Amino acid sequence: MSKTKGYMLNEYQQMTHRIGRIWTGCALALTVSVPLLFCLIYGVTPEWESFWKGIISVVPMYWAIGLIEIFNYSPMLGSGGTYLAFVTGNLMNMKVPAAKVAMDKAGVSAASEEGEVLSTIAVAVSSIVTTLILVVALLFVVPINQWILSDDLLRSVFDLKIGYVIPALFGALGVVFLAKSWKIAILPLVLMIAVFLLIPAVYDISGILIPVMSVLSVLIARWMFNRGKV
Amino acid sequence: MDFKEGALLYILGGVIAVFVLAQSVFFLVRAVRRGKEIGLSTKVMKKAAVSSATFSIVPSVPIALSMIMLAVTMGAAFSWIRLSVIGSMSYEIYAAGQVASAAEISQDAMNTMPIGVFAGAMWVMTLGIIIGPIFNIFGLKRYQKKIAEIGQRNPKWSKILIDALFMGIIAVMGGQFIAKGIAAFGSIAKPELVMNGQAQLLTLITSAVLMALFGVVIKATKWKWLENFALPVSMVGAIALSVVYHGLF
C-alpha cells in the first residue's frame, strides 16, 4: 500500500496510475505529433497571426473547462476510467453516462473497487465502439466531402469563415444555454450585440473578446450564485 | 498538392485509431482480470460491457455526422483524427472556425485554405484540448482525493462555472451573428463587413428554433435518446435551409 495525500492505494490502483500515465503520455505525444509531423514533412510553419488569434479565443476557456471536467467527472469514472476517457474524449455525451449506467445496473458506487472495474469496462467498450464507427463513417465522409467541395454553393455554405456551420452551431448551443441559465446569459449577450453594432471594427478582434466575456460571465454568475439567484 | 487529403494524415489517423483500440482493449482485459480477482461475476461484467456497447452506438452517429461538417474546411483525415482522440463535436468545429475567421483571406482563397492557415488550425485544435491528459499525467494520482472533495464540495457551482465559461463564447459568437444580421438587414454597416449577414442570422435562428423544438419533444415524450441527436440534427436542418437563405440575399 502507498499513501498519496492521506489516500491509501492498493497495488492494483498503484499500477493503474503507472500504466495510465504511460498510455496517456503516449496518447499526448501521438496527438501533438500530428500537427508537428505535418509541419516538418510539408516544410510549413503555421500562419502566426491567425494561430495566435485562434489560441487566445480557444485555449483559456477550454483549458479551464477541461480542468473543471476532471474535478466533476473523475470521481464518477474512477482512475482507470478517467485515464481512458480523457484520451478518447466525448465525456459528457458518452463516457460518463456509459460508466454510470454500468455501475447503476450492478448496484455499485464509483468509489468502490467493483465500481472502478465496471466503469473501466464501460469506458473501454464505449471507446472501441466509437472508434470503429468513426472508421466506417470515414468511408462515407470522403465521397460526401468530395461532392460538397465540387459544388460552389455547397462549398460556401459549409465554409467555416463566411458560411453557415458556425451560426448553426451557436444558434443551437445558444438556445440551450439561454434556456438553462438566461440570468447569466442575457447581460453578456446584449452587451456584445451592442458593441458589434456600435463599433463594427470589433469584428476583427472578436477572438480576443471571448476570454474577456468569459471572465465577465463568471463574475456575473458568482455574484448571482452568492446571492442565491442562480 | 492536396495536403488535407494526403497519405500522411490518413496514416497518422490509422495509427491513432489502432492506438485508441489497443489502449481500450488493454484497460478492458486488465479490468476484467481484476474483476475476477475481487469476486465480480463474469455475468455482471458482461452485462456492463453489453450495456455500454449498445448505449454508445447512438451517440457515435452524431459524432460521425459532425465529421462531415468539419471535413469541408479541415479535410476528412484530420477531422477523423480530432474526433477519434480527446475531441468533442462542438469544440472541434468552433476551434477550426476561430482560426479560419482570424485568417485574412478572401472567400475564393478560403476554398483552397493556405497550408500555413491549415497548419495553424491543426495546432490550435490540438493545443486547446490537451489539458485533461496533461493534468492526468502529472496530477491525477497526487490529487485524486482532493479532486473528489472539490468536485463533491460544490457540484452546483461547478456546473454554473462551466455554463458561465461557455456563455463568454456564446455571447461573442452569437452576438456577432445577431449584430451582423441586424446591420445587414438595416444596411447600417459596410457590406464587406457583414457579408452573408442576413442569411447567417436566419440560419442561427432556424438552428435555435429546431433545438428548442427538440427540447419540447424530449420533455413531452421523455425520449432521452433524442438528446444526442438534437445538436447535429438542428445544425444539419439549419444548414440545409441556409442554402435557401443564401439564394434570397
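If the condition is being polar (S, T, N, Q) and within 30 Å of A:Ser156 (Cβ to Cβ), then region B:209-249 contributes B:Asn228, B:Ser234, B:Ser242.
Each row is one residue, and each column tells you yes or no for (1) more than 7 Å from chain B (Cβ to nearest Cβ); (2) within 23 Å of B:Tyr94 (Cα to Cα); (3) in contact (Cβ under 8 Å) with a residue 12 or more places away in the chain; (4) surrounded by 19 or more Cβ atoms within 10 Å (Cβ to Cβ).
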position: A:Leu40; (1), (2), (3), (4): yes, no, no, no
position: A:Val44; (1), (2), (3), (4): no, no, no, no
position: A:Lys53; (1), (2), (3), (4): no, yes, yes, yes
position: A:Ser57; (1), (2), (3), (4): no, yes, yes, yes
position: A:Pro60; (1), (2), (3), (4): yes, yes, yes, no
position: A:Phe71; (1), (2), (3), (4): no, no, no, yes
position: A:Gly78; (1), (2), (3), (4): yes, no, yes, yes
position: A:Ala98; (1), (2), (3), (4): no, no, yes, yes
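Would you confirm whether any residue within region A:193-208 is assigned to a helix (DSSP H, G or I), polar (S, T, N, Q), surrounded by fewer than 23 Cβ atoms within 10 Å (Cβ to Cβ) and facing chain B (nearest Cβ under 7 Å)? Checking region A:193-208: at least one residue is assigned to a helix (DSSP H, G or I), polar (S, T, N, Q), surrounded by fewer than 23 Cβ atoms within 10 Å (Cβ to Cβ) and facing chain B (nearest Cβ under 7 Å).
If you go through region B:161-215 and keep only what is surrounded by 23 or more Cβ atoms within 10 Å (Cβ to Cβ), part of a loop (DSSP other than H, G, I, E, B) and in contact (Cβ under 8 Å) with a residue 24 or more places away in the chain, you end up with just B:Asn196. The residues in region A:136-168 that are surrounded by 13 or more Cβ atoms within 10 Å (Cβ to Cβ) and touching a Gly at 6+ places or on another chain (Cβ under 9 Å) can be counted, and the count is 11. Criterion first (farther than 25 Å from B:Ile182 by Cα, touching a helix residue (DSSP H, G or I) at 6+ places or on another chain (Cβ under 7 Å) and of a type outside the set (Asp, Glu)) does A:Leu134 satisfy it? When the stated conditions are applied, A:Leu134 passes them. Evaluation of A:Ile121 against the conditions (1) touching a residue at least 24 places away in the same chain (Cβ under 8 Å); (2) assigned to a helix (DSSP H, G or I) shows that the sole unmet condition is (1). The set of residues in region B:1-27 that are without any contact (Cβ under 8 Å) to a residue 12 or more places away in the chain and crowded, with 21+ Cβ neighbours inside 10 Å comprises B:Gln23, B:Ser24, B:Phe27. Of all residues in region B:216-230, those being on the phi > 0 side of the Ramachandran plot and in contact (Cβ under 8 Å) with a residue 40 or more places away in the chain number 0. For region B:165-197, the candidate set comprises residues that are among the charged types (D, E, K, R) and out of contact with any helix residue (DSSP H, G or I) (no Cβ under 6 Å at 6 or more places or on another chain); within that set, the residue that is farthest from A:Tyr62 (Cα to Cα) is B:Lys190.
A quick yes/no check of all residues on (1) under 26 Å from B:Pro114 (Cα atoms); (2) out of contact with any Pro (no Cβ under 6 Å at 6 or more places or on another chain); (3) outside the structural domain of A:Asp204 (by TED's automatic domain parsing):
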residue: A:Glu11; (1), (2), (3): no, yes, yes
residue: A:Leu36; (1), (2), (3): yes, yes, yes
residue: A:Ile41; (1), (2), (3): yes, yes, yes
residue: A:Phe86; (1), (2), (3): no, no, yes
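With respect to B:Ile81, determine if the residue is crowded, with 20+ Cβ neighbours inside 10 Å and either part of a helix (DSSP H, G or I) or not hydrophobic (A, V, I, L, M, F, W, C) (or both). Taking the combined requirement at face value, the residue satisfies it.
The numbered conditions (1) at the interface with chain B (Cβ under 8 Å from one of its Cβ atoms); (2) surrounded by fewer than 16 Cβ atoms within 10 Å (Cβ to Cβ); (3) in contact (Cβ under 8 Å) with a residue 40 or more places away in the chain are all true for A:Lys183 except (1).
When B:Ile63, B:Ile16, B:Ile68, B:Ile57 are screened for being modelled with pLDDT of 90 or more, at the interface with chain A (Cβ under 7 Å from one of its Cβ atoms), farther than 14 Å from A:Val123 by Cβ and part of a helix (DSSP H, G or I), only B:Ile16 passes.
The values are calculated or read from the model by the stated rules, or taken from the named source; none is laboratory data. From a predicted model like this one, the values you see are computed outputs, not experimental measurements. No Cβ is skipped: glycine too gets one built from the backbone with ideal geometry, and neighbour counts run over all protein chains shown.
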